Amino acid sequence: MITSEKSCPPSEDSSYPAHPRVAVGAVVFKDRKVLLVLRRKPPSENMWAIPGGRVELGETLRAAAEREVLEETGLAVRAGEPVFVCDLIERDEADRIRFHYIIINIAADYIRGELRPGDDALEARWTSETELRKLHVTETTLDMLNKSCHFGQ
């Protein structure tokens, strides 16, 4: 494996990768509120974001979005089309790349289920536009909601 001096060998927790990783987020609205989770692990630990995570080998973006929402919130959704793509690159104090994700956010429709945090989520909630402004929300989530969504419409 070839690494630059600004990266380290990959670890089990996804930090210090050898290459960018693909992740998916699910943008789910219900009753003019967006589904958010409070992240348990880095990156974005203890911040609110749309549910999502890494795409597994052989998994489609839609299947990954549906799986991640179910794991993190207990809700079944039907994933649709991509609505926003962004990079999440986080460096450590030595300027090494700690995380590098290419995130593809997909619109998804709520199907059924009881909302409960699970897997990598400390909390899960439906959030209004007004409530969103009071939460510690990730930059990528705010950017995506501002650029690609008419909140709750």
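Laboratory data are not the source of any read-out in this text; all were calculated from the coordinates shown. Predicted model only: the values in this text are computed from it and were never measured. Glycine gets a Cβ as well: all are built from the backbone with ideal geometry, and neighbour counts include every protein chain shown.
Using the Cβ-Cβ distance between Ala18 and Asp109 with R0 set to 41 Å, the FRET efficiency works out to roughly 0.70. Residues in segment 29-54 near a label at Glu123, defined as backbone nitrogen under 20 Å from the 7 Å Cα→Cβ point? Zone members listed by number: 29-52. When each of Trp126, Trp48 is scored by the number of other beta-carbon atoms lying within 10 Å, the sequence from fewest to most is Trp126, Trp48. Near the amide H of Arg21, within less than 5 Å, lie the amide hydrogens of His100, Tyr101, Ile102, all on another chain or at least 5 residues away, with H placed in the peptide plane. Residues whose amide H lies under 5 Å from that of Lys41, counting only those 5 or more places away or on a different chain, are Asn46; hydrogens are built 1.01 Å from N in the peptide plane. Going by neighbour counts of Cβ atoms within 10 Å, the residues His136, His100 line up, fewest first, as His136, His100. In this label model, Lys30 and Glu59 are separated by 2.1 nm, measuring between points 7 Å along each Cα→Cβ vector. Each Lys and Arg adds +1 at its Cβ and each Asp and Glu adds -1 at its Cβ; summed about the Cα centre, segment 1-145 shows a dipole of about 340 debye. Quotient of the Cα radius of gyration of segment 22-148 and 2.2 N^0.38 Å, N being its number of residues: 0.99. Scanning residues 5 or more positions from Ile106 or on other chains, those with amide H under 5 Å from its amide H are Gly25, Ala26, Val27, Val83, with H placed 1.01 Å from N in the peptide plane.
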